[in-house]
Amino acid sequence: MRYTINRVNMKDIWKRFEETELTHSSAHHLMAIHYLLKKNGYARSIDVSKHLNLTRGSVSITLNKLKQREYVVEDENKFFRLTDKGRQLVNSIMSVRHMLIKLFHDVLDLPEEIAETDACKIEHLIGHETGERLITFVGFILSSTPSAQTFRKEFRDFGFLCNSQPECDVCELDCFFSEKETIA
């Protein structure tokens, strides 16, 4: 079965990208606060700035947005902490990131650097339901059940030959692999 995205739906889908809970930058600010709290027991704006290698002004703008959205609070001494809502979001992002790294590195056998980079790119963009399903899928694929072990072996041995097919059932238009060769 071929799935196609018609132009009308695509127009609406790309707009929903902007509806994500957080921007990529905001997610990294939350993650920095989480890391700094674990490492130092405190997180100040300057600490976040140094950790992310960003200007204090840029960090201040993002932290104010995070305060408005009730992900972080700042006390009278200018120390930040995550709210319950912020902790839940950080936990969700970290879980999805970890799962994506496992999928990309341990299942798809991509180098660790590529796995981490690509996981970072999409960790906060997928929906909660998709994240849950992927975590379950990766958990199964990496489990010791005989069917999962068989799947991993067969996947490693599988060679997808969509170039030899007149119409690819996986790619939308032209074969992705042949397109990759012409781009390079």
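For segment 78-120, give me each residue that is closer than 19 Å to residue 24 by Cα and among the basic types (Lys, Arg).
85, 87, 97
Tell me, please, whether a residue that is crowded, with 17+ Cβ neighbours inside 10 Å and either assigned by TED's automatic domain parsing to the domain that holds residue 158 or among the acidic types (Asp, Glu) (or both) can be found in segment 46-67.
yes
Within the set of pairs 6+ apart or on separate chains, which have a first residue in segment 74-95 that is within 19 Å of residue 119 (Cβ to Cβ), a second that is buried (at least 16 other Cβ atoms within 10 Å of the Cβ) and at pLDDT 95 or above, and C-beta atoms under 6 Å apart?
Close Cβ pairs (under 6 Å, with a partner that is buried (at least 16 other Cβ atoms within 10 Å of the Cβ) and at pLDDT 95 or above) amount to 90/30; 90/34.
Scan segment 74-125 for residues that are in contact with a Leu (Cβ under 8 Å, 6 or more places away or on another chain), more than 18 Å from residue 142 (Cα to Cα) and of a type in the set (Val, Ile, Thr) and jot them down.
Within segment 74-125, 90, 93, 122 meet the criteria.
Which one is farthest from residue 34 (Cα to Cα), of the residues in segment 74-97 that are loosely packed, with under 14 Cβ neighbours inside 10 Å and either touching a Ser or Thr at 6+ places or on another chain (Cβ under 6 Å) or among the charged types (D, E, K, R) (or both)?
76
The values are calculated or read from the model by the stated rules, or taken from the named source; none is laboratory data. Keep in mind that this is a model prediction, so the values were computed, not measured. Here the Cβ is made from the backbone with ideal geometry for all residues, glycine too, and neighbour counts use every protein chain on show.
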